[in-house]
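Every read-out reported here was derived from the displayed coordinates using simple, explicitly stated rules and does not represent laboratory data. Not measured: the values here are computed from a predicted model. Here the Cβ positions follow ideal geometry from the backbone for every residue, glycine too, while neighbour counts run over all protein chains shown.
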Amino acid sequence: MFAIHTKTWKIYSVSHLLCISLLALGGCTDEGPAIEARPQTISFSPIQAPTVDQVMVTAAASASSGLPVIYRSLTTSVCTIDSSTGIVTGIASGTCTIAADQPGNDHFAPAAQATQNVVFNFSSSLTFTNVPSMSLYDLATITASDGSGQSVSYTSTTPAICTVNAASGQILSLATGSCTIVATTGSQQATQTVNISSPSAASPPGMPTGVSVKTGDASNTVIVTVGGVVSGGSPLSVFNVISSPSGISALSASLPITATCPTTCAGYSFAVTAANSNGTSPLSAFTDIVTTYKVITNFYEPDTHPNNSIFIGTFDLNATTGIVTNLKGKLSEAMTGGSTPYPNDTMTWLPLNNQLSSVSNGQGGVLVATFLNSNTNTFTNDPAFGGTDGWSPGTGSAFYYGFPTPGANPGNAYALIFVNTTDPTALLTQTQIDKLAYADCAPGGIMGATCMTGTTVAGYGSVGTMSGYPMSQTITKQ
């Protein structure tokens, strides 16, 4: 048997070698600690190529020494990476080059740098529409959109630098550095870096901006949010809400803020101040209460049941002024599709995205109409056929606009809903239900020259052209 002996090589510092020389001359007695220089290498595990529009992947590298590696991006215009976790965030299409280093210790020499490439491909139409400038402790709101109106959620991949509200995109800066925000809608993602700088000087906060107010979940309450505040270099400590007319106020250390009204919040507007250890900000502009609601109106159709004519939509109510805007949605065509009723139906649905009428009817609210076309030309306006303004329910014998000219039908459609401006979610009375109406002169709702309609005798003097009539309406806060 032969014994194989290994030798441990040691590299000594210059001072240690000098000490050895002096020892030979009798001038040094303390040898000092020896520093080993064992070699080590770094290797990356295979990384799965990100799919189109995928923003984040995780790189994994290890050192043969078992010591932790440090990651960094060599292509910061394409990607960023967390130095310890290896989470890579794509910023733009292109090749992202990731470096891994291990600086060594008393036992191991520094490892040679290892790199790995990741290709990001963004075809997404989701883009950031504003990028705020921020200093330490500021509040600001970032927004992204793909133009479809779909909701977008937000995530911070640098939570030590900044946090972000998932729904609103409001950013709170916690430290100086690069704040990275990822926006997501459906399968699309986009990423944006916001630089957090040091504040120029300590001061009271700036005037709150982007204030919004909407109806609260509890009765006679409003929820107040703030889009942005320049912090003044110190953490924001308290927000104060006041009303106009005066009489309502609320204090809170965080956002959003809930304020309670004495009996109703209708007719009030609200403003906000912010404070830090240096003082109080100027008062923001007063803001109206604007809330988005969802509406479902059901018209019973005896000739096509279980398929009914149904309008599903949303609208904004300004409770300060009592004005309804932005009513839009879709209307089912009961004569189309199979026999499976909503919501699993196969009916054709018409987009009604043009609010063209909103009038008070003396019943504690307003009647609001939204149309398929960008005009109200629906029924004939020829007085010979009972025509009036071209769309009012129960007029024009429900003949199409332009009748009796063949081919003149513009194929318009509309839905008319009722909104109680004081309490939109309140149940409707029968009198209010009787004023609901719809008309469909599009191909799926036309019968010769006659449009399909839904009305009541009590509301408009006749039932719909196929005996359809309004049955119910529900409104809920979006």
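The length gained by stretching the chain between SER467 and THR41 to full extension, at 0.36 nm per residue less their Cα-Cα distance, is 145.2 nm. Over the range 213-286, the hull volume per residue, using the convex hull of the C-alpha atoms, is 84 Å³.
Suppose we keep just the DSSP beta bridges with both residues in the chain; what percent of those would be antiparallel, to 5?
For the chain, the DSSP antiparallel bridge percentage is about 95.
Between 0 and 90 degrees, the angle of helix 14-24 with respect to the longest Cα principal axis of the chain falls at about 20 degrees. For the range 233-252 and the range 388-459, what is the separation of their Cα centres, given in Å? With the range 233-252 and the range 388-459 each reduced to a Cα centre, they are spaced 46 Å. Working from Cα pairs under 8 Å separated by at least six residues, relative contact order for the range 127-197 is 33 percent.
Look at where the Cα atoms of the range 41-77 and of the range 85-139 average out, and the two centres are 9 Å apart. Give me the net charge for the shell around GLY337: Cβ to Cβ below 13 angstrom, other residues only, Lys and Arg +1, Asp and Glu -1. Neighbourhood net charge equals -3. In units of the rule-of-thumb radius 2.2 N^0.38 Å, the range 111-199 shows an alpha carbon radius of gyration of 1.20.
Estimated purely from DSSP H runs of n ≥ 4, each contributing -39500 (n - 2.57), the mean residue ellipticity at 222 nm for the chain is -1000 deg cm²/dmol once divided by its residues. Estimated at 0.36 nm per residue, the fully extended path between MET447 and THR51 surpasses their Cα-Cα distance by 137.6 nm.
Taking DSSP loops as anything outside H, G, I, E and B, show the longest stretch in the chain free of chymotrypsin sites (Phe, Trp or Tyr not before Pro) there with at most 10 other beta carbons within 10 Å. Can you show the working numbers first?
Details: sites that count: PHE2, TRP9.
Longest site-free region, per DSSP loop and neighbour criteria: 10-478.
Peptide packing: for 195-206, 85-96, the average count of neighbouring Cβ atoms within 10 Å per residue gives the ranking 85-96, 195-206, highest mean first. Pairs of Cα atoms nearer than 8 Å and 6+ residues apart set the relative contact order; for the chain it is 8 percent.
Extent along the principal axes, Cα only, for the range 286-407: 54, 41, 26 Å, with the longest axis given first. Here the label points at ALA408 and ALA426, each 7 Å from Cα along the C-beta direction, are separated by 4.3 nm in the simple model. Volume per residue of the convex hull around the Cα atoms, evaluated for the range 315-372, comes out as 110 Å³.
Only Cα pairs under 8 Å and 6+ residues apart enter the sum, and on that basis the relative contact order of the range 359-478 stands at 23 percent. Could you list log10 I(q)/I(0) for the chain at q = 0.12, 0.14 Å⁻¹, which the Debye formula gives when each Cα is one point scatterer? Evaluating at q = 0.12, 0.14 Å⁻¹ gives log10 I(q)/I(0) of -1.09, -1.21.
Pairs of C-alpha atoms in the range 71-156 farther apart than 18 Å represent 61 percent of all such pairs. At the listed q of 0.17 Å⁻¹, the Debye profile of the range 400-440, built from one uniform point per Cα, gives log10 I(q)/I(0) equal to -0.60.
Rounded, prolate or oblate: which fits the range 185-227, taking a ≥ b ≥ c as square roots of the Cα gyration tensor eigenvalues, rounded meaning a/c under 1.5, else prolate when a/b beats b/c? Judged from the Cα gyration tensor, the range 185-227 comes out oblate (a/c at least 1.5, b/c at or above a/b). P(r) for the range 353-446, from all Cα pairs and a bin width of 5 Å, is 3, 15, 22, 21, 16, 12, 7, 3, 1, 0 %, short bins first. Using a ≥ b ≥ c from the Cα gyration tensor of the range 395-478 (square roots of the eigenvalues), is it rounded, prolate or oblate, where a/c under 1.5 gives rounded and otherwise the larger of a/b and b/c decides, a/b for prolate? The shape class here is prolate. Taking 7 Å steps out from each Cα toward its Cβ at ASP316 and THR474 produces label points 2.6 nm apart.
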